């Protein structure tokens with residue numbers, strides 16, 4: 001079951017006696033838990049019918065005893081077990097989950113990792129509970145997630161602003177949503193988010209970032225690349241070398257792949273490069289930098305750039321590095337790629 005499907009059922013008051021919310025990404029688990037807390041019972045009903053337990057302190061017997069009680073002056077009682085992954089006797093809930101009380105809604109919040117549904121307990125949950133797995137969003141899909149989130153808040157976003165945020169905010173959705181909410185709070189509905197808006201509200205520089213550096217390298221714009229490198233050297237905490245190298249490695253790897261797909265249409269090229277896009281316009285925007293790069297770098301030069309990045313990835317981690325500071329390594333690496 002998807003997040004939207006489960007939320008739709010809850011809004012339509014289609015309840016199940018047991019829910020398992022589990023997985024690596026905590027954002028959706030937290031969002032659903034909040035909905036259960038705020039919308040299943042009225043404030044008056046919560047006084048006698050709402051219980052929160054924590055896995056580290058809970059035990060199966062106490063939880064099952066609580067779940068077996070009848071609600072008082074309410075159609076349901078709600079029990080939420082948070083941090084269920086820390087409960088040592090969690091699998092001992094198996095008998096209750098086989099025959100749960102119809103007037104209890106038990107929510108098991110198992111965060112940061114999946115519960116093994118191949119076990120006897122897991123199979124019982126699959127048979128009797130609503131099971132939602134909160135999966136991690138990978139790098140190549142975070143841009144689409146950002147766009148979806150902002151569109152749901154009635155905001156538009158330019159592709160280069162999406163790419164900038166995707167590059168710098170990472171894939172931890174709780175962190176990403178917190179940063180995006182700064183835009184939601186400060187902008188009227190219908191606004192279009194540009195890189196300037198991102199810089200003003202989130203604090204990511206629209207001119208001095210690794211995204212701009214990769215474009216400068218792709219265009220062989222020596223002056224721009226050197227300006228960005230000097231900014232990175234002056235602000236090392238914001239732009240650690242290991243992150244810069246990793247991003248540029250991903251860029252040149254896609255440039256290399258573009259050689260075998262250069263005759264494909266933009267949409268097909270984007271798909272081949274693992275770039276998820278909504279339409280042909282977005283595809284054209286996102287693959288333009290790779291088509292530009294293959295005009296400026298031969299296949300042999302692209303392979304050499306990838307080799308240089310591998311070398312500096314190791315040196316940034318202390319391998320074969322004669323104590324050269326990160327700034328010097330970055331300047332040296334960029335020079336070798338462009339020359």
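If you work out semi-axes √(5λ) of the Cα gyration tensor in Å from the coordinates, which of (1) 35, 30, 16; (2) 34, 26, 19; (3) 48, 22, 19 do you get? Checking each listed value against the structure points to (3).
Taking every C-alpha pair closer than 8 Å and separated by at least 6 residues, the mean separation divided by the residue count of region 1-146 gives a relative contact order of 39 percent. Measuring between their Cα centroids, region 123-191 and region 277-300 lie 25 Å from each other. Calculated on C-alpha atoms, the gyration radius of region 182-339 divided by its Kirkwood radius gives an Rg/Rh of 1.00. With one equal scatterer per alpha carbon and no solvent term, the Debye-computed log10 I(q)/I(0) for region 143-186 at 0.15, 0.28 1/Å reads -0.29, -1.11. Against the empirical 2.2 N^0.38 Å (N residues), region 83-222 has a Cα radius of gyration ratio of 1.49.
In the chain, helical runs assigned H by DSSP with n ≥ 4 each contribute -39500 (n - 2.57); averaged across all residues and rounded to the nearest 500, the mean residue ellipticity at 222 nm is -18000 deg cm²/dmol. Protection proxy ranking of 7-15, 46-54, by the mean of other Cβ atoms within 10 Å over each peptide's residues and highest first, is 46-54, 7-15. Taking the empirical scaling 2.2 N^0.38 Å for compact globular proteins as reference, region 228-304 has a Cα radius of gyration ratio of 1.25. The mean sequence distance of close C-alpha pairs (under 8 Å, at least 6 residues apart), as a share of the length of region 74-184, puts its relative contact order at 22 percent. With respect to the chain, whose longest principal axis is taken over its alpha-carbon atoms, helix 326-338 is tilted by about 60°. Residues of region 163-197 with an amide N closer than 17 Å to a point placed 7 Å from the Cα of residue 139 along the Cα-to-Cβ direction: 163-173.
Between residue 153 and residue 317, residue separation times 0.36 nm minus the direct Cα-Cα distance comes to 54.9 nm.
Put the Cα centre of region 36-79 next to the Cα centre of region 207-262 and the gap is 53 Å. The protection proxy used here, the mean number of other Cβ atoms lying within 10 Å of each residue, ranks peptides 173-181, 115-123 as follows, highest first: 173-181, 115-123. Here the extension length gained between residue 4 and residue 237 equals 80.1 nm, from 0.36 nm per residue of separation less the Cα-Cα distance.
Using C-alpha pairs below 8 Å separated by at least 6 residues, the relative contact order for the chain is 15 percent.
Any read-out appearing in this document is the output of simple, stated calculations on the displayed coordinates, not a laboratory observation. Note that this is a predicted model, so its numbers are computed, not measured. Don't worry about glycine lacking a Cβ; one is built from the backbone with ideal geometry, like all the others, and counts go over all protein chains shown.
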